[in-house]
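A.B. asks: One structure, as structure tokens, below. Some questions next.
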There are 2 protein chains.
Amino acid sequence: MKIKVKQNPESMELINFLNEALSKRAFIILISCCRIKYRGRATSKLGLGDRTIVIKSDGSFLIHQDHNLDPVNWQPPNCKFQAIIEENKVFIRGFRRNPYESLEVEINKTYLASYHVGNDNKTLELAGYEEDMREMVFKDPFLIEKGFRPTSREYAVTNGFIDILGKDKNGDLVIIELKSRRAGINAVKQLKKYFDDFEDHKKFVRGILAAPSITEDAMELLEKYKMEFKELEPPKELNHEKNLTLDFFKK
Amino acid sequence: MKIKVKQNPESMELINFLNEALSKRAFIILISCCRIKYRGRATSKLGLGDRTIVIKSDGSFLIHQDHNLDPVNWQPPNCKFQAIIEENKVFIRGFRRNPYESLEVEINKTYLASYHVGNDNKTLELAGYEEDMREMVFKDPFLIEKGFRPTSREYAVTNGFIDILGKDKNGDLVIIELKSRRAGINAVKQLKKYFDDFEDHKKFVRGILAAPSITEDAMELLEKYKMEFKELEPPKELNHEKNLTLDFFKK
DNA sequence: CATTAGATTTCGGCA
DNA sequence: TGCCGAAGTCTAATG
């Protein structure tokens, strides 16, 4: 891991430092007092203040204030950079096309500058989404109810895709809408849309909203539409844990 | 501006550094080789790799890989922190309630640690979204068409809120749906919903979708529903620029 | 405190 | 490349 650090660099030092870092596609961090202008999908200005500026090796550009999770200004990956010096001030400009956007930082003073090229070849393993729920329900249909048999997932209808389509123990069609989080009005409306696609045979069609919980409003609407709610938690085991479990049982 | 920097701190040094910084509610940056576990709304794990760890003074917690704009793991503001040492490794744990979530970083090695308390009392001035469009159309109704008179904004109907309601030069009702970006199918569907709320008087009602551009599919659907498209850019001048213009005319 | 709608949403997947 | 849908969305405003 290579890392280079400079405290309180002068303008010329900083610009050399930045150009060196940019040419190496390094991960750059600056703690600077700066002004910011953005023009693109919207327009913004931010007056003088201390901020943390980050340029990633994929061309992401982030400027953070000392509060909020989101950066106050940013540019998505593949942004191109210019670092220039003008009247003894360093300007960093990041721009991209489609849509055209530019983000310009006028740096008054830099307290800390660092760049590094690290090693990281891991990707996030994440569990707890609708996809996992679909898998789970397909594998264990009784989680919905006894006798339920799923027939297809992501079934295309006029209004979109039905998460899971199947039949219940009486052979009636069942439309299942999955939500990995607390379901709201919108989930009910979505299910209703799919439900309506079968209005010719409504007597033999059931709509089930499966989610860990549901808002009161949504429950009311659901009942009004004569549809049902099934409490269902998304699986939260990671894949390798599932595999471990499988391996365990195989032994 | 106070800033403290340490390169390659040992575990004990790092933990003291972190606790000092946390007690001062400083802005902390670490460049470290680490493992990450998250458990809360979902569950995730990230194997060993070099990452940039940020803790803000409002309790935001961000961990960045060298790619993508978004952090690979995070915790929203008001997160509480623990920095402990175990088997000569530093663990940083950030947790919050409602919903309960925890984010744990196991630090194997730290290349750079810094904390600072900066000065920043500026807030972002931003322009160019739906609210600005509403204002603009109310002020200059002819932007929609000659003779258009807006009567109310955010008019409540069964299915939600109509952006702008008004009458055209013939006295017919006009429903306007605004989008600050390229409008897609959903924008048309939304407008159609509002449109349908007036189906008793459909002959005297027009639906207009106003946006900078529209997708081909959306345009087709719009025409099928006998509604209209009006090309309209959101205003992108900042407030003080607007004021300058006003002042200019007042003089 | 919960809910909602908008966002410079970002991001991934698919046509 | 453009479009659509989901997200640990986040965030500000509102009841």
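Every number here is computed from the coordinates shown, using simple stated rules; none is lab data. Computed from a prediction, not measured in an experiment: that's the story for all the values here. Cβ sites come from the backbone with ideal geometry, for glycine too, and all protein chains shown count toward neighbours.
A.B. asks: Given label points at 7 Å from Cα along Cα→Cβ, what nm distances, shortest first, separate A:Thr158 from the same residue in every other copy?
C.D. replies: Here A:Thr158 shows inter-copy label distances of 1.7 nm.
A.B. asks: Moving on to the next point. Taking a cut-off of 21 Å, what percent of all Cα-Cα pairs in segment A:130-231 are separated by more than that?
C.D. replies: Counting every Cα pair in segment A:130-231, those more than 21 Å apart make up 25 percent.
A.B. asks: Moving to a separate point now. GluC sites (Glu not before Pro), restricted to segment B:58-166: which are DSSP loop and have at most 11 other Cβ atoms within 10 Å?
C.D. replies: Sparse-neighbourhood loop GluC sites (Glu not before Pro): B:Glu87.
A.B. asks: If you don't mind, there's one more thing I want to ask. Once chain B is represented by equal point scatterers at the alpha-carbon sites, with solvent omitted, what log10 I(q)/I(0) does the Debye formula produce at q = 0.08, 0.10, 0.13, 0.15 Å⁻¹?
C.D. replies: -0.56, -0.73, -0.85, -0.94
A.B. asks: In nm, what does the list of distances from B:Glu145 to its counterparts in the other copies look like, shortest first, when each label sits 7 Å along Cα to Cβ?
C.D. replies: 5.0
A.B. asks: How far is A:Gly171 from the same spot in each other copy, in nm, shortest first, if each label point sits 7 Å from Cα toward Cβ?
C.D. replies: Computed spacing set for this position: 6.0 nm.
A.B. asks: Got a sec? How would A:Ser11, B:Ser57 order by Cβ neighbour count within 10 Å, fewest to most?
C.D. replies: Least crowded to most crowded, the residues run A:Ser11, B:Ser57.
A.B. asks: Compute the acute angle (0 to 90°) between the alpha-carbon long axis of helix B:239-250 and the principal axis of greatest extent of the alpha-carbon atoms of chain B; round to the nearest 10°.
C.D. replies: 40
A.B. asks: Here's another thing I want to ask about it. Which GluC sites (Glu not before Pro) in segment B:158-247 sit in a loop by DSSP (not H, G, I, E or B) and have at most 16 other Cβ atoms within 10 Å of their own Cβ?
C.D. replies: Sites meeting the loop and neighbour criteria: B:Glu237.
A.B. asks: From the helices alone, meaning DSSP H stretches of at least four residues, give me the mean residue ellipticity at 222 nm for the protein assembly as shown, per-run term -39500 (n - 2.57), in deg cm²/dmol to the nearest 500.
C.D. replies: -7000 deg cm²/dmol
A.B. asks: If you don't mind, another one. As a test of the definition: which semi-axes, in Å, follow for segment B:2-117 when you take the square root of five times each eigenvalue of its alpha carbon gyration tensor? Largest first, please.
C.D. replies: After diagonalising the Cα gyration tensor, the semi-axes are 20, 16, 14 Å.
A.B. asks: Additional query: Could you tell me how many cubic angstrom of Cα convex hull volume the protein assembly as shown has per residue?
C.D. replies: Cα convex hull per residue, to the nearest whole number: 189 Å³.
A.B. asks: Normalise the Cα radius of gyration of segment B:12-63 by 2.2 N^0.38 Å (N = residues in it) and let me know the number.
C.D. replies: 1.24
A.B. asks: Moving to a separate point now. As a quick test, which of the pairs B:Lys203/B:Lys224; A:Lys6/B:Lys6; A:Lys45/B:Lys230; B:Lys193/B:Lys224 have an alpha carbon distance above 18 angstrom in this structure?
C.D. replies: Beyond 18 Å: A:Lys45/B:Lys230.
A.B. asks: May I ask for the angle, rounded to the nearest 10°, between helix B:11-23 and the longest principal axis of chain B, with both axes built from Cα atoms and the value confined to 0 to 90°?
C.D. replies: 50
A.B. asks: Averaged over A:22-32, how many beta carbons belonging to a partner chain fall within 10 Å of each residue's beta carbon?
C.D. replies: Across A:22-32, the average partner-chain Cβ count within 10 Å equals 2.
A.B. asks: How about segment B:40-124: which trypsin sites (Lys or Arg not before Pro) there are in a DSSP loop, with at most 15 other Cβ atoms within 10 Å of their Cβ?
C.D. replies: Answer in residue order: B:Arg41, B:Arg97.
A.B. asks: While we're on this one: Please work out whether segment B:89-185 counts as rounded, prolate or oblate from its C-alpha gyration tensor, where a ≥ b ≥ c are the square roots of the eigenvalues and a/c under 1.5 means rounded, while otherwise a/b larger than b/c means prolate and anything else oblate?
C.D. replies: prolate
A.B. asks: May I pose another question? May I ask which residue of B:Ile63, B:Asn73, A:Gly49 lies farthest towards the positive end of the charge dipole of the protein assembly as shown, with charges of +1 (Lys, Arg) and -1 (Asp, Glu) on Cβ and the Cα centre as origin?
C.D. replies: Highest projection toward the positive end goes to A:Gly49.
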